[in-house]
1. Along the Cα→Cβ direction, 7 angstrom out, place labels at Arg46 and Lys25. What is the inter-label distance in nm?
2. Below 19 Å, Cα to Cα, which aspartates and glutamates can Lys25 reach? Residues fewer than 8 away in the same chain don't count.
Amino acid sequence: MKTGYSVLRFALHHSPDGKLTQQVKSCGDFADVEMAFDTAKAEALREWQQAVSDSTLKGGLVREIRIKDTEWGYELKRDHLVVTRYWVHDGSPAALV
């Protein structure tokens with residue numbers, strides 16, 4: 001069984017037919033949970049900064065872009081829609097006895 005922690009990026013994208021679809025990407029594997037959460041936060045902040053910059057350049061079509069701290073990691077929200085999640089996944093969950 002895999003040990004350690006992984007950071008996964010879940011993001012919404014428009015498919016060719018215009019519908020929203022979810023894509024999942026690994027952002028790395030880490031030995032300790034603190035490093036995994038630090039990486040998830042850094043990635044969320046990087047994407048937030050890019051989104052704020054893009055929104056400003058495009059005339060401010062998005063009213064609010066924010067990061068929400070969650071139990072599992074971080075979410076990037078544009079207005080009321082969660083567009084990206086950076087979640088920390090435990091590769092070796094506790095066994096039930």
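Every number in this text was worked out from the coordinates using simple rules, so none of it is lab data. Predicted model only: the values in this text are computed from it and were never measured. Neighbour counts are summed over all protein chains in view; Cβ atoms, including those assigned to glycine, are modelled from backbone coordinates with ideal geometry.
1. A separation of 0.9 nm, rounded to one decimal place.
2. Asp38, Glu43, Glu47, Glu75, Asp90
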